[in-house]
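Encoded as structure tokens, the structure appears first; notes follow it.
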Amino acid sequence: MKMPKLNGAEISRRDFLRSGSAVATLTLAPGVTLMAFGGSDAAAGTADAGKRWGLLIDANKCDKDCSACVTACSTENGWKDNGRPETDAQWIRKITLKNTETGRETTMPMMCQHCEEPPCVDVCPTGASFKRVDGIVLVDKHTCIGCRYCMMACPFKARSFVHEPVINQKSDAPRGQGTVESCTLCVHRVDKGGTPACVEACADAGFEAIIFGDLKDPESEISKRLATYSSAALRPDLDLNPGVRYTNL
Amino acid sequence: MERTIYREIKATRRVWELAVVLLAFIGGMLASFFYVEHYGHIVTGMTNQIVWGLPHVFAIFLIVAASGALNVASIASVFDQKVYKPMARMSALLAMSLLIGGLAILVLDLGRADRILIAATTYNFSSIFAWNLILYTGFLGIAGAYLFVQMSNGIPYAVVRKVGLLAFVWRLALTTGTGSIFGWLVARPGYDAAIMAPLFIAMSFAFGLAIFILVTVTLCRLSGRVFGEKLIHRMGRLLAVFVAAVLYFTAVRHLTNLYTAEHAGFERFALLDGGIYTTLFWVGQVLIGGLIPLMVIFHPSFGKTFKAPLVASVLVVIGGFAQVYVIVVGGQAYPMELFPGYEFSSSFGDGAVATYSPSLPELALGLGGVAIALFAAGFGTKILRILPTSLSDANVGQD
């Protein structure tokens, strides 16, 4: 996929927002000065085509009473529960799965699956939905017109539309009323060599149900586990090759 | 057969009154737009589950009807049916008006309508939505050119026919594009079917002709012009053919789905236990929009009255609206099969049928789009020589 070009104006705006003026700027003109780090042209330029970031989720290790990953994502990226589940953004959610034959119940987190062939990118009329060369699927908040066609197309219901004005945003994950958003795989952390907040929180909670890593690197922990144990992609019939895999469903 | 004379309609008191009512609806639409723009889509009934709601039902209905409204002109110049020729100008004008009304709704419902220039200048050519933007603007241009060549003196009829043919092909592409917005959504069991494109084409024939009959007869009455009885019955019979085609494609769509086990769940929802959507399908689309109009048109006594095709047209519009509602909203209400063979649930409505209650701002937006379409059509006939002074049977002749 051809990546949008980097331009000077956007770098300076990004730097400006990252400075201490960010909060004041956003308050003065909400929705106007939004910068989507990681979702912007600038951040896309830092992606490494030699990598493909992914997650491996072990449903056996996911505790049904734990939602540390959801809380961590919400804290990290600034989306929150306003008590209106139908319209509130949910970048990550816990799904309870019950086998209708055996009655066995499992839970697991669900987020953007960062598909290799993302339907959201295909259908986006302006190209605001895009995939970085390292496989992370993002929304460019500058060019999203809020048509929600990507939400119609996503097989995983991974995307949320920002239904209400947003305040007190995180400078690393700006959001905008009237635009669509989803899990960024904590691209701002990944680009600095870190791991997504959900992965860290799950490990801190003592479960280690989510593993993050480079799917292209055969020596990475995620690749080794995928090579050793059976795993599944959700909706394999659609042949989207998601970057998020599940095991022990 | 006399020579057809086209004249602007006169600005009578009734015309002014109608214009004021339509402008009030357009004002309501703008108020709704600013309200939603300010508070966000939280004030609408749309959610992260039902992402497209009532505004989209209105918009898609108008856009589909727009391409169908152009058929009267196509029948005249492409298929050489002389009876339809005096109405060809009106057909092109109404097609453009309906499309503008539909597009206005879509644009004003955007989360960031202020970024419409981005949509107009940045294209992702793998998106059918982006292609549709080209098809829609192209349609306005071609229908405009079609109207121009019809109205200009000294342009040979062969040229009119060629432009008419282009317009006909373009309108088929346009409706294919609109149907494919849904047909190409692989993830949702209610869509993902190639038959959506031809189904939408059949729908456009029916909705477009029904609206054309209603608008043209109304304008003739407002301006004291005659609309021939034979002419309206002829159009009524054509409408019946289109209505039957919609029923046919609908039946094929559901029968195909019923044959495959993977679609059984959705079909059960659509046809049997989907609540409002099942009711709208059977009562709204099939009965009011399909079987009753056919019975009205072919009724041995009532079918022969002037009213019959008008009543049938109103029913087709109501049933058509129900049909689009079931496709757009019902298709989203049914949960996606994230884990086939499992029961699943979450705080995000996974695995559950989504609920949707349309709100007043959404209704205002939709009705405003209808008002724009009707106002534009009326305004066009007021300032341009679109409508013949008489559409009497003697005047239009019979083939």
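Output the number of the condition that A:W79 fails; it satisfies all remaining conditions of (1) closer than 25 Å to A:N241 by Cβ; (2) more than 9 Å from chain B (Cβ to nearest Cβ); (3) surrounded by 20 or more Cβ atoms within 10 Å (Cβ to Cβ). Failed condition: (1). Could you check how many residues of the range B:2-38 are away from every other protein chain (no Cβ under 14 Å) and either part of a helix (DSSP H, G or I) or over 30 Å from B:V83 (Cβ atoms) (or both)? Adding up the residues that qualify gives 20.
Return a yes/no flag: does the range A:191-198 have any residue that is free of Cβ contacts under 8 Å to residues at least 40 places away in the same chain, part of a loop (DSSP other than H, G, I, E, B) and among the acidic types (D, E). No, the conditions are met nowhere in the range A:191-198. When every residue of the range A:193-215 is checked against the conditions, none turns out to be under 13 Å from the mean Cα position of the chain (by Cα), away from every other protein chain (no Cβ under 14 Å) and closer than 30 Å to B:D109 by Cβ.
Among the conditions (1) touching a strand residue (DSSP E or B) at 6+ places or on another chain (Cβ under 9 Å); (2) among the hydroxyl-bearing types (S, T, Y); (3) at the interface with chain B (Cβ under 7 Å from one of its Cβ atoms), A:T106 misses just one, which is (3).
Just a yes or no: is a residue in the range B:139-147 within 14 Å of chain A (Cβ to nearest Cβ), free of Cβ contacts under 8 Å to residues at least 24 places away in the same chain and over 23 Å from B:C220 (Cβ atoms)? For the range B:139-147, residues within 14 Å of chain A (Cβ to nearest Cβ), free of Cβ contacts under 8 Å to residues at least 24 places away in the same chain and over 23 Å from B:C220 (Cβ atoms): absent.
Between B:G40, B:G28, B:G53, the distinction of being in contact with a His (Cβ under 7 Å, 6 or more places away or on another chain) and either surrounded by 20 or more Cβ atoms within 10 Å (Cβ to Cβ) or more than 30 Å from B:M235 (Cβ to Cβ) (or both) belongs to B:G40 only. Based on this model, can you work out whether B:F344 counts as in contact with a Leu (Cβ under 6 Å, 6 or more places away or on another chain) and more than 30 Å from B:G28 (Cα to Cα)? Taking the combined requirement at face value, the residue satisfies it. Among the numbered criteria (1) without any contact (Cβ under 8 Å) to a residue 24 or more places away in the chain; (2) of a type outside the set (A, V, I, L, M); (3) part of a helix (DSSP H, G or I); (4) farther than 30 Å from A:C154 by Cβ, which one does B:G179 miss? Single failed check for B:G179: (4). Based on this model, can you work out whether A:S67 counts as at pLDDT 90 or above, within 13 Å of another protein chain (Cβ to nearest Cβ), touching a strand residue (DSSP E or B) at 6+ places or on another chain (Cβ under 6 Å) and surrounded by 17 or more Cβ atoms within 10 Å (Cβ to Cβ)? So A:S67 passes the test. Entry remark, the range A:215-243: residues being of a type in the set (A, V, I, L, M) and farther than 20 Å from A:G50 by Cβ number 5 in total.
Counting only residues that are assigned to a helix (DSSP H, G or I), of a type in the set (A, V, I, L, M, F, W, C) and surrounded by fewer than 22 Cβ atoms within 10 Å (Cβ to Cβ), the range B:376-399 holds 4 of them.
Conditions tested, residue by residue: (1) among the β-branched types (V, I, T); (2) under 27 Å from the mean Cα position of the chain (by Cα); (3) within 13 Å of chain A (Cβ to nearest Cβ).
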{"position": "B:V329", "(1), (2), (3)": "yes, yes, yes"}
{"position": "B:A333", "(1), (2), (3)": "no, yes, yes"}
{"position": "B:P340", "(1), (2), (3)": "no, no, yes"}
{"position": "B:G349", "(1), (2), (3)": "no, no, yes"}
{"position": "B:A352", "(1), (2), (3)": "no, no, yes"}
{"position": "B:P358", "(1), (2), (3)": "no, yes, no"}
{"position": "B:A371", "(1), (2), (3)": "no, yes, no"}
{"position": "B:A376", "(1), (2), (3)": "no, yes, no"}
{"position": "B:G380", "(1), (2), (3)": "no, yes, no"}
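Among the criteria (1) crowded, with 21+ Cβ neighbours inside 10 Å; (2) in contact with a Pro (Cβ under 7 Å, 6 or more places away or on another chain), the one B:L133 does not fulfil is (1).
The requirement of being at pLDDT 95 or above, assigned to a loop (DSSP other than H, G, I, E, B) and of a type in the set (D, E) is fulfilled nowhere in the range A:168-188; no residue meets it.
Could you go through the range A:150-158 and let me know if any residue there is crowded, with 23+ Cβ neighbours inside 10 Å, in contact (Cβ under 8 Å) with a residue 12 or more places away in the chain and farther than 22 Å from B:S345 by Cβ. Scanning the range A:150-158 turns up at least one residue that is crowded, with 23+ Cβ neighbours inside 10 Å, in contact (Cβ under 8 Å) with a residue 12 or more places away in the chain and farther than 22 Å from B:S345 by Cβ.
Restricting the range B:170-223 to residues that are among the charged types (D, E, K, R) and within 14 Å of chain A (Cβ to nearest Cβ), which is farthest from the chain's Cα centre (by Cα)? Per the stated criteria, the residue is B:R188.
Looking at the structure I just gave you, is A:L240 touching a Ser or Thr at 6+ places or on another chain (Cβ under 9 Å), among the hydrophobic types (A, V, I, L, M, F, W, C) and either assigned to a helix (DSSP H, G or I) or buried (at least 16 other Cβ atoms within 10 Å of the Cβ) (or both)?
Spelling it out, it is not the case that A:L240 is touching a Ser or Thr at 6+ places or on another chain (Cβ under 9 Å), among the hydrophobic types (A, V, I, L, M, F, W, C) and either assigned to a helix (DSSP H, G or I) or buried (at least 16 other Cβ atoms within 10 Å of the Cβ) (or both).
Within the range B:85-131, track down each residue that is within 11 Å of chain A (Cβ to nearest Cβ) and either at positive phi or under 15 Å from the mean Cα position of the chain (by Cα) (or both).
B:L106
For the range B:77-165, the helices (runs of 4 or more DSSP H) that sit wholly inside it and include 2 or more residues that are at pLDDT 95 or above are B:88-109, B:128-151.
If you go through the range B:327-366 one residue at a time, how many are outside any loop (DSSP other than H, G, I, E, B) and of a type in the set (D, E)?
Residues flagged as outside any loop (DSSP other than H, G, I, E, B) and of a type in the set (D, E) within the range B:327-366 amount to 2.
Could you please let me know if A:N82 is at pLDDT below 95 and on the phi < 0 side of the Ramachandran plot? So A:N82 passes the test.
Of the candidates A:A89, A:A49, the single residue that is closer than 22 Å to A:V190 by Cβ, part of a loop (DSSP other than H, G, I, E, B) and at the interface with another protein chain (Cβ under 10 Å from one of its Cβ atoms) is A:A89.
The values are calculated or read from the model by the stated rules, or taken from the named source; none is laboratory data. No experiment lies behind these values; they were computed from the predicted model shown. For neighbour counting, all protein chains shown are included, and Cβ atoms are generated from backbone atoms with ideal geometry for every residue, glycine included.
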